[in-house]
Structures are given as structure tokens and as C-alpha cells.
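This report concerns only the one structure given below.
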Amino acid sequence: MRQWLEGLEARRGLDHLTARSRQLVLASYCALVVLMVYRGLLVQSDLSQLGPLVVFVLPLVLFLPSIIGRRPRGHAWLAFVSLLYFSQGVMVATLPGQGLRGLLEAVVSLALFTGCMGYARFRSRQWRAGEHRVP
């Protein structure tokens, strides 16, 4: 796996891979936030109770400064948190009538995991190589 990644880095370049993984992170992060807001609104019984909405969305919102600041370490931690959403999506997919929503949540969180890990790797390698510019 390591040789394959290093070969990919040599063929495509770190700038290209960093930019692509950043695009994947942004798209999947926004999609997961929208899914969690929708899920939180479905779970709450009335609009005065914001507990479920906060529980579903707050862990993602806490990583917003790391995403905006393009910090590799924050992206790595977000990748680990996205695995919680993946397991939740798999559990929801097993519920009757919730299969599509659970599958969508699992796929989006898996895309977020992949993008975050890729960005953390490629951006860290850029920093080590002395390329401190923002792609």
C-alpha cells in the first residue's frame, strides 16, 4: 500500500493529490452535515427541543476550524470521528424503512474518512518537503 501511494504521489504530484483530497473532504463534510441536520430534525419531537440536532451535528462542527485552517492533524482526527458516523449509518441501514438513509450516511462518512486521511497524508508530506503554500 505504501509503495502504491508513493507511486501515485510521484505520478500525480502532491499538489494535485492534496487538492483532490481537499475537494473530497469539503463535499463529503457538507453532505454529512446536511444528513445529520435532517436526521436531527426527524428525531426531535418538536422544534423547541434541539438536543438531538446538537448531538448529531456538534461533533462535526467542532472540526470546522481545522477544515478552514487546512490543518492535517485536525483532518486526521476528523477521519476517526467519521468512523462513528459510518457505524451509525450501518446500524440505521438495518432498520426497517431506513435502509437508503443509513446507506447514504455510511457512504458519505466513508468518503469523508478517505478524503481526510488522504489530505492529512499529502498535506503533511508537503509540509515536510518545505512546500508551505496553500494548494
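The values are calculated or read from the model by the stated rules, or taken from the named source; none is laboratory data. In this text, all values refer to a predicted model and were calculated from it rather than measured experimentally. We place every Cβ from the backbone using ideal geometry, glycine too, and count neighbours over all the protein chains shown. Each accessible area value is taken on the protein alone, full model and side chains, heavy atoms only, with ligands, DNA and RNA left out. Shrake-Rupley method; radii C 1.70, N 1.55, O 1.52, S 1.80 Å.
Placing +1 on the Cβ of every Lys and Arg and -1 on the Cβ of every Asp and Glu, with nothing else charged, gives the chain a dipole about its Cα centre of roughly 580 debye. Residue separation of Val61 and Leu8 scaled by 0.36 nm, minus their Cα-Cα distance, works out to 15.9 nm of gained length. Summed over the residues of the chain and divided among them, the accessible surface reaches 60 Å² per residue at a probe radius of 1.4 Å.
From helices alone, the chain scores -27500 deg cm²/dmol at 222 nm; the rule is -39500 (n - 2.57) for each run of n ≥ 4 DSSP H residues, then divide by the residue total.
Normalised size of the chain, defined as Cα radius of gyration per 2.2 N^0.38 Å with N residues, equals 1.18. Here the accessible area is traced with a 1.4 Å probe on the protein chains. For the chain, carbon and sulfur cover 69 percent of it.
Remark: relative contact order (the chain) = 32 percent; criterion is Cα-Cα distance under 8 angstrom and separation of 6 or more residues.
Summing charges over neighbours of Met36, with a neighbour being any other residue whose Cβ is under 13 Å away from its Cβ, gives +1 when K and R count +1 and D and E count -1.
Peptides 101-112, 5-16, 54-65 ranked from most to least packed give 101-112, 54-65, 5-16, packing being the mean of other C-beta atoms within 10 angstrom over each peptide's residues. Can you list the DSSP H helices in the chain whose Cα atoms extend at least 27 Å along the helix axis and whose mean Kyte-Doolittle hydropathy is -0.5 or higher? Counting only whole DSSP H runs, the qualifying helices are 14-43, 72-93, 99-128.
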